[in-house]
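Some notes on the structure that comes next.
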Amino acid sequence: MADGPTPPPTGNLILRHEHDAPRERSTCGYRYRLISKGDEEVAAWAHTVDIDGARPHYHKCATELYYVLEGEGTVILDGEEHPVQSGTMIHIPPGVVHGAVGKMRVLVVGIPDIDDADVFYPDS
């Protein structure tokens, strides 16, 4: 057993604070790209999103995980309303039309890496 602290792992590490992440308009409100396209060799993406009325949409390839950090509202999954609040986790597989009503801050993790070409609107 070696003495002293364990050295940090090597490789393509990403450590990003939300205030350093780009903030941009998204389908759901405003997002902060914590880990996202443009980051090398990531298998998934993670954004914090300030949801304020999310337009219903779906993905053909991506699976999304939503974890409500703050606030409350309703998530609509394939037309069915589900109340959510801080501490709620939602798994959204490809093909499920989803949107939200209410004001909430959500951590969204998507697999595979984000692709804007994988956002579809059923009303279009």
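For the reader, a short list of remarks on this structure follows.
- Evaluation of G71 against (1) within 19 Å of F120 (Cα to Cα); (2) modelled with pLDDT of 95 or more (one fails), failing number: (1)
- In region 72-105, residue nearest to Y30 (Cα to Cα) [restricted to those that are surrounded by fewer than 17 Cβ atoms within 10 Å (Cβ to Cβ) and of a type in the set (G, A, S)]: S86
- Remark: pairs (first residue in region 45-57, in contact (Cβ under 8 Å) with a residue 60 or more places away in the chain and buried (at least 21 other Cβ atoms within 10 Å of the Cβ); second residue of a type in the set (D, E, K, R) and in a strand (DSSP E or B); Cβ separation under 8 Å; 6+ apart in sequence or on different chains) = W45/R33; H47/R31; H47/R33.
- Selection over region 71-97 of residues that are closer than 15 Å to R55 by Cβ, of a type in the set (A, V, I, L, M, F, W, C) and assigned to a strand (DSSP E or B) gives a count of 4.
- Selected residue (only one of A100, A117, A54, A44 is of a type in the set (G, A, S) and under 11 Å from the mean Cα position of the chain (by Cα)): A44
- Subset tally (residues that are at positive phi and modelled with pLDDT of 95 or more) for region 36-68: 0
- Out of V106, V84, one residue alone is within 26 Å of L13 (Cα to Cα), modelled with pLDDT of 95 or more and β-branched (V, I, T). It is V106.
- Residues (in contact with a strand residue (DSSP E or B) (Cβ under 6 Å, 6 or more places away or on another chain), among the hydrophobic types (A, V, I, L, M, F, W, C) and either assigned to a strand (DSSP E or B) or loosely packed, with under 15 Cβ neighbours inside 10 Å (or both)) located in region 9-43: I14, L34, I35
The values are calculated or read from the model by the stated rules, or taken from the named source; none is laboratory data. Quantities reported herein were computed from a predicted structural model and do not represent experimental measurements. For neighbour counting, all protein chains shown are included, and Cβ atoms are generated from backbone atoms with ideal geometry for every residue, glycine included.
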